[in-house]
1. Asn104: touching a helix residue (DSSP H, G or I) at 6+ places or on another chain (Cβ under 7 Å), open to solvent by 50 Å² or more (accessible area, probe 1.4 Å) and either more than 30 Å from Ile37 (Cβ to Cβ) or outside any loop (DSSP other than H, G, I, E, B) (or both), yes or no?
2. Does Leu82 satisfy the criteria of being open to solvent by 60 Å² or more (accessible area, probe 1.4 Å), among the hydrophobic types (A, V, I, L, M, F, W, C) and either within 22 Å of Thr36 (Cβ to Cβ) or in contact with a Cys (Cβ under 9 Å, 6 or more places away or on another chain) (or both)?
Amino acid sequence: IYVFIWSLVFLYLILKIKDLYKNIDNMPIIVNTKSTIISQARVKQMVQFIELNYHKKISLNDIALNSNISKSEALRCFKSNLKISPIKYLIQFRLNKAKNMLENKHISISQVSSHCGFESTSYFDRMFKRYYGVSPKEYKK
């Protein structure tokens, strides 16, 4: 009887393993090493800093200092987790906020630019057109 029970258990395990391999292409690879967890926590802290302070003048140094890490470590963490630099993330975040603000017809483009942390309207215009394919003025229409 023990042989019969073990045979059923063995067969069950083989079927489960077969199911796992059938779906293996759809399974994400998750590596939770200590360094990965620390890196993700740092990125989360940097993203929160950016999202709370996007309207201010922010440098890579400010972002790194807020997380108590070096500029090179800030770059490494962002690149490995989000595949972009912290400054590129900041610009994209600002542009997304600006795009939402431009939908309000009562706010001027220069007000949007200033509120979203861009130092000049001309730089804002160039970045907006580069990311969205139209100028802020064209988008606002």
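1. Against the criterion (touching a helix residue (DSSP H, G or I) at 6+ places or on another chain (Cβ under 7 Å), open to solvent by 50 Å² or more (accessible area, probe 1.4 Å) and either more than 30 Å from Ile37 (Cβ to Cβ) or outside any loop (DSSP other than H, G, I, E, B) (or both)), Asn104 does not qualify.
2. Criteria met by Leu82.
The values are calculated or read from the model by the stated rules, or taken from the named source; none is laboratory data. Note that the coordinates shown come from a computational prediction; the quantities given were computed from them, not determined experimentally. Methodologically, a virtual Cβ is constructed for each residue, glycine included, from the backbone with ideal geometry; neighbour enumeration extends over all protein chains shown. Please note that ligands, DNA and RNA were not included when accessible areas were found on the heavy atoms of the full protein model with its side chains. Shrake-Rupley method; radii C 1.70, N 1.55, O 1.52, S 1.80 Å.
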